Structure formats: C-alpha cells, structure tokens
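Below you'll find the structure, written out as structure tokens, and then a few comments.
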Amino acid sequence: MEWLKGLNWAAVMDQLNAFVVYLSLLLASLGVPEEYQTLAAFGVLYLGVTVVVLLFVLLLLKLFKKPKQPEKDREQAEETTDDISAVDTAATVEPEPAIELEVESEPEPTLNLVERFKRGLSMTQSSLVGRVDSLLRSRTAIDEDLIEELEEILITADLGMPTTQQLIKSIEASRAKGELASPEQVRQLLMEELKKILRFDSKPLDVTSAAPFVIMVIGVNGVGKTTTIGKLANQFALAGKKVILGAGDTFRAAAAEQLEIWGERANVDVISHAEGADPGAVAFDAAKAAVARKADILLLDTAGRLHTKVNLMEELKKIRRVLDREIPGAPHEVLLVLDATTGQNALTQAKLFNQAVPLNGIALTKLDGTAKGGIVVAIAAEMQVPVRFVGIGEQLDDLRPFDAEMFVSVLFDKDQSGQ
Ligand SMILES: Nc1nc2c(ncn2[C@@H]2O[C@H](COP(=O)(O)OP(=O)(O)OP(=O)(O)O)[C@@H](O)[C@H]2O)c(=O)[nH]1
Ligand SMILES: [Mg+2]
C-alpha cells in the first residue's frame, strides 16, 4: 500500500485527462456530437478497462489450471485405494478381494499385494534370509561350520529352538545323502522346508459356514485387537457382509468409543455398554442383536488381558459360554491377536490362551515393524493353529489374509536379499 501513497496523483490525473481529451478528439473525427463526446470517451475508457481486467483474469485461470490437475488425480487415487472412503464408493470401485486371496486371477492387485508384503516384511527379510544369503555367499563348502552358523541365524530370527532343530535335521539329512552340493541348494531346501512347516492341515476360515458367524477376538494389552476388528469389519463390509461389532472391552476407558469410531468408518453397527459393565452382558446383547438384525458376522472385542492371570482367563471362558448359549456353536472362530514384535513371547501367549479357550486362528500384527517375523513359522510349527491374518502396516487394508507360499517367496525374493 506504500506505493499508493507515494503516487503522484496530479500527474496521473493529467495523463488521464489528456487521454480523455484525445479520445474526445477521436470521437469528434468520427462525427460524435460535441455534447456527447466526453460521455462517450468515458464509456470507451470503461469498456477498455473491463476488457483488460477480463484478459487478466483469464490469464490467471490458465496459470492455475496446470497444478490443479495432478492434485485431483492424487485425490482420486487415494479415494480408490484408501480405506475409509472406500466404504462409500464400494459400489463403483472394484473392491480388492477382502478375505480370499485370488493370487492368480487378478494380476494388478496381486502385484500391489506382493509389493506391500515385501515392504512389510523387509526387516524380517534382512534379519533372516539376508543373513542366510551372506553366509552362503561367503562359503563354498557345505560343512559342519556352515550348518552351525545357519542354526544360529534361524534361532535369532525367532524361529524358535524346536523349529530350528527340525530345519537343521532336514539339512543334515540331505547333506548326508550328498544332495547339497552348492549353497544355492541349501537355500532351496530351506525354502521348501519352511513352506512345508507353514502348509499344515487346518480348516480355512469360512465365514459363510454359520449365520451369524461369530468371531471372538482375544489377546494381551495393546497387541492390536480393536484395530484388527476395525480392519476386518471394513473388509467384510466391503465384501457385502452385514457386520455387527460387540464392544466387549468394558475395562479400559474409551475402549468402546475406539470401537465405535471403527464402526462408523466401516459403516457397521456397534453394540456397547457403559465402562465397567459385565463383558458377558455385552456378549449377550451383541449376540441377540446379531440374530435379530440378521447379521452375517459378529466381531466381538474383548479387553486386553495378561495370559498369566487366571481370573481374567476365566472371564474369557464365561464370554464364550454366553455366546454359545445365544448362538449354538458360537464363537465359530476364537481369533488370538499376537504382536509380532514380541517374538518368542507371542508364542508363550498363544500357548496359554489356547489352554483357556481353544484357538481357531491367529492374527499376527505389526509384522512391518519387526525383524522377528520368523515367529510365524514358530507358531505354525509348535501350535498347529493357522495364522489367518497378518498386519503389515497401520492402514485399513494392511491387514492381510496370510498366504504361506507368498510369505516364503517374499522372504526369499532375490531382489530383496541383494543376491
Ligand atoms: N505398525 C502396525 N501397527 C499396528 C498394527 N496393528 C495394530 N497396530 C497399532 O497398535 C496399537 C494398538 O492397537 P489396538 O487395536 O488399540 O490394540 P488392542 O489390542 O485393542 O489394545 P487394548 O484394547 O488396550 O488391549 C495401535 O496404535 C495400532 O495402530 C500393525 O499391523 N502394524
Ligand atoms: Mg482394544
């Protein structure tokens, strides 16, 4: 505004006056009567200014149009891949297969899925296969020394003692038969043996086998139970299922609110009671609501509890009984959530929870933040309870059905391990 004050207004007015006089003379030469010349000169001046302003505005619009386009594209891309909004656009956006992995039939999502698995498993990859590969690179002979070092790597990558022993035995047996002539053969054998361990017989999760299909979610504090329920609710809802959530964690303040937020995101109903209420009563109401509202799936959250606290484990048995009384056969899936970053402790939790309420499946969260992903193998080998889902990030679609083949392939991917 300083420049306005400093302007020589007298000079400006003189120029303007001279311009109007010039215009008047021009108009006079065009035959405009004298009494209209000044008025017409101002009219022409006004028109001129308007045209200049319009041209200026058009120029500005042209300048700002370019950066706007990519932003719009990015927003659209986010809308299609991003979690919450996907609920609203479910009808138009092709939903990624939520529960079943269709690895062969849909090339595009498969590529994304593998890429995301790679990213999520990168720490485990370098702590397990990365180290195995550098060991194999540094040796030519497959001897006792190499096998001993391999054993150490497997133990420290959280595969656990029994699983490591099992793997080492297979390697030694093959070596004795003269089948291991090169380090590459050791790598191949390790891959095959891991796949064998992970590919044990277990009933797949079939949520259509009962209606409502009740999933009771349990685990110690902070492992990701509520988050897992939220992600599952969203995926089931996108797959066209009617879902109800039961806020069975009445112990922790704000636990029900946390679940309600997830319910809103997935656009599903949440049954909750006041803080401190009996979790059995929530289970009862949630089961009743699921039947009355003809829900396909009921996901019941529970409070985090220490696997060593007998009374808290008893409470789980009670919740289980309540569900079974209201919906015979329920819960159809007792899903234990384990935090992969806790390594071998996760295995101890699984064993103790399994004693209290027999487990049907495991969701292993936070694989993205740990080098201890080898725990997947230890769980499969020692528990014979299937890992149903793995959490590979905090995004809504970062909870993925576990696929043993893909897991091993990603871990042993040569691009990743720098081979
Ligand atoms: N990086 C990562 N973080 C996760 C994953 N799953 C859950 N989390 C985070 O773990 C934290 C705890 O998650 P919650 O779902 O509240 O855990 P909870 O088991 O319900 O906890 P309590 O109800 O207190 O027992 C949250 O910050 C989540 O975002 C995952 O797969 N990867
Ligand atoms: Mg919770």
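Since every read-out is calculated from the coordinates, none of them should be taken as a lab result. Computed from a predicted structure; not experimentally measured. Note that each Cβ is placed from the backbone with ideal geometry, even for glycine, and that neighbours are counted across all protein chains shown.
Annotations
- Mean separation of Cα contacts under 8 Å (6+ apart) over length of segment 209-308, as relative contact order %: 45 percent
- log10 of Debye I(q)/I(0), alpha-carbon scatterers only, for the chain at 0.09, 0.14 Å⁻¹: -0.65, -1.23
- Normalised radius of gyration (Cα atoms, divided by 2.2 N^0.38 Å) for segment 316-419: 1.21.
- Remark: the Cα gyration tensor places segment 5-48 in the prolate category, a/c being 1.5 or greater and a/b exceeding b/c.
- Spatially, segment 250-287 and segment 296-332 are offset by 14 Å when compared through their Cα centroids.
- Taking the DSSP bridge list for the chain and keeping only pairs wholly inside it, about 10 percent are antiparallel.
- Value of D in µm² per second that Stokes-Einstein yields for segment 142-188, Kirkwood Rh from Cα pairs, at 25 °C (0.890 mPa s): 227 µm²/s
- Each of 226, 342 has some number of other Cβ atoms within 10 Å of its Cβ, and from fewest to most they run 342, 226.
- Long-range amide H partners of residue 390 with built H, under 5 Å: 364, 400, 402
- Shown for 264, 149: other C-beta atoms within 10 Å of each C-beta, ranked fewest to most, produce the order 264, 149.
- Going from the residue with the fewest nearby Cβ atoms within 10 Å to the one with the most, 158, 285 rank 285, 158.
- Using C-alpha pairs under 8 Å with a sequence gap of at least 6, the mean separation divided by the residue count of the chain gives a relative contact order of 20 percent.
- Listed by number, the DSSP H helices of the chain that run 18 Å or longer by alpha-carbon position along their axis and have mean Kyte hydropathy of at least 1.0 are 9-29, 279-292.
- Total lysine pairs under 19 Å (Cα atoms) in segment 165-233, excluding pairs fewer than 8 apart on one chain: 4
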